[in-house]
Amino acid sequence: MSELTKRILILLCLIFITSPSNAKTLTFAVVPQQSAKKMAQKWQPLIDYLSKYTGHTIEFRTAKDIPTFEANVSAGLYDIAYMNPYHFVVFNDSVGYRSLAHQRDKKIRGLIVVHQDSPVQSLADLNGAEIAFPAPAAFAATIITSAHLRKQGIAFIPRYVKSHDSVYLSVQRNFFKAGGGILRTLNISPDSVKSDLRVLWESKGYTPHAIATHPKMAEVDRQAILNALIALSNDSSKASILSRIGFSGFVASSDSDWDDVRALGIASLSRPHL
């Protein structure tokens, strides 16, 4: 055996020994609150961090719109998914997705926004108006805001425009009198759009979006991902990764954390458009 062959064999052995035998490829899907390009730009640094920390290859996923995302989660296509509170309640029950973490020190609130120069000063001024929403099953932006309007006896025509960004842009351009959203997506919208909008109404707070895992995911892999999320949350040198998605950090969660959403009874009244 030549010296070169020996060296090649030694190198191959070292690669085999040092390569993680349990490395996997996992998908991490994020509900499409913005365009796919913007979502990837904001979330990819977090995905890269999780891949490096866990030793797994984690691939970013989203969908062209919220109904498509719902259909994919319903089919169990994602290993990990960041989904709204309503989605989690539904898919925890129907598919078995298990909660892993949620945003730290955060409650999700629905907003109704109008143009800064709009004459609308109260919800009553929206009676009979067309109002923009991201999708029928967007929890805070659609379900909570719509429920409050109906409770107040305000008639309106819902128009679904596929994303939070589209809601804000359509109100800013005066295509609609008002739109439903949430504070986080409003805060990270372009200044040119955000500066032209005014928050007309804000709901009370609910447990925020869940990071949930497929029911077949091994507990050791769930724990590895959770450890990575907690480590990131406690590492000030990596704060920019979290700030890109508008988070301060993550905390571990249990399925019962979303009992406040279950108490609304909405999961038993309707299902996402699949």
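Does ARG98 fit the bill of being touching a His at 6+ places or on another chain (Cβ under 9 Å), closer than 25 Å to SER253 by Cβ and surrounded by fewer than 22 Cβ atoms within 10 Å (Cβ to Cβ)? Against the criterion (touching a His at 6+ places or on another chain (Cβ under 9 Å), closer than 25 Å to SER253 by Cβ and surrounded by fewer than 22 Cβ atoms within 10 Å (Cβ to Cβ)), ARG98 qualifies. Screening SER248, SER253, SER195, SER237 for residues that are free of Cβ contacts under 8 Å to residues at least 12 places away in the same chain and out of contact with any Gly (no Cβ under 9 Å at 6 or more places or on another chain) leaves exactly one candidate, SER237. Apart from one condition, PHE247 fits all of (1) over 20 Å from ALA138 (Cα atoms); (2) in a loop (DSSP other than H, G, I, E, B); the exception is (1). When ILE143 is tested against (1) at pLDDT 95 or above; (2) crowded, with 17+ Cβ neighbours inside 10 Å; (3) of a type in the set (A, V, I, L, M, F, W, C), only condition (1) is not met. Within region 77-84, the presence of a residue that is free of Cβ contacts under 8 Å to residues at least 24 places away in the same chain and more than 14 Å from ILE211 (Cβ to Cβ) is excluded.
For region 172-192, taking the residues that are in contact (Cβ under 8 Å) with a residue 24 or more places away in the chain and over 24 Å from THR68 (Cα atoms), the one that is surrounded by the most Cβ atoms within 10 Å (Cβ to Cβ) is identified as ALA178.
Being assigned to a strand (DSSP E or B), under 24 Å from ARG244 (Cα atoms) and not β-branched (Val, Ile, Thr) is the filter here, so list the residues in region 180-216 that pass it. I'd like the intermediate steps shown before the answer.
Step one: filter region 180-216 for residues assigned to a strand (DSSP E or B), giving 180-182, 197-202, 206, 210-213.
Going one step further and asking which of them are under 24 Å from ARG244 (Cα atoms), we end up with 180-182, 197-199, 202, 206, 210-213.
Result: GLY180, GLY181, LEU197, ARG198, GLU202, TYR206, ALA210, ALA212.
Taking the listed residues GLN103, GLN116, the one that is polar (S, T, N, Q) and under 18 Å from the mean Cα position of the chain (by Cα) is GLN103, with no other qualifying. You will find that of GLY128, GLY76, GLY96, the residue that is in the same structural domain as SER166 (by TED's automatic domain parsing) and over 20 Å from GLN33 (Cβ atoms) is GLY128 and no other. Looking for something under 20 Å from GLU70 (Cβ atoms), outside any strand (DSSP E or B) and in the same structural domain as ALA101 (by TED's automatic domain parsing) - is there at least one such residue anywhere in region 218-229? No, the conditions are met nowhere in region 218-229.
The residue that is modelled with the lowest pLDDT, among those in region 44-64 that are surrounded by fewer than 20 Cβ atoms within 10 Å (Cβ to Cβ) and within 18 Å of ASN84 (Cα to Cα), is LYS64.
Residue by residue, here is whether (1) under 19 Å from the mean Cα position of the chain (by Cα); (2) more than 30 Å from ARG173 (Cα to Cα); (3) of a type in the set (A, V, I, L, M) holds:
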{"position": "GLU202", "(1), (2), (3)": "no, no, no"}
{"position": "ASP221", "(1), (2), (3)": "no, yes, no"}
{"position": "ILE230", "(1), (2), (3)": "yes, yes, yes"}
{"position": "SER236", "(1), (2), (3)": "no, yes, no"}
{"position": "SER253", "(1), (2), (3)": "yes, yes, no"}
{"position": "ASP257", "(1), (2), (3)": "yes, yes, no"}
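Here GLU130 meets the list (1) more than 17 Å from the chain's Cα centre (by Cα); (2) surrounded by fewer than 16 Cβ atoms within 10 Å (Cβ to Cβ); (3) in contact (Cβ under 8 Å) with a residue 60 or more places away in the chain almost entirely, failing just condition (3).
The values are calculated or read from the model by the stated rules, or taken from the named source; none is laboratory data. Only a predicted model underlies this, so the values are computations on that prediction, with no experimental measurement involved. Positions of Cβ are generated from backbone atoms using ideal geometry, with glycine treated the same way; all protein chains shown enter the neighbour counts.
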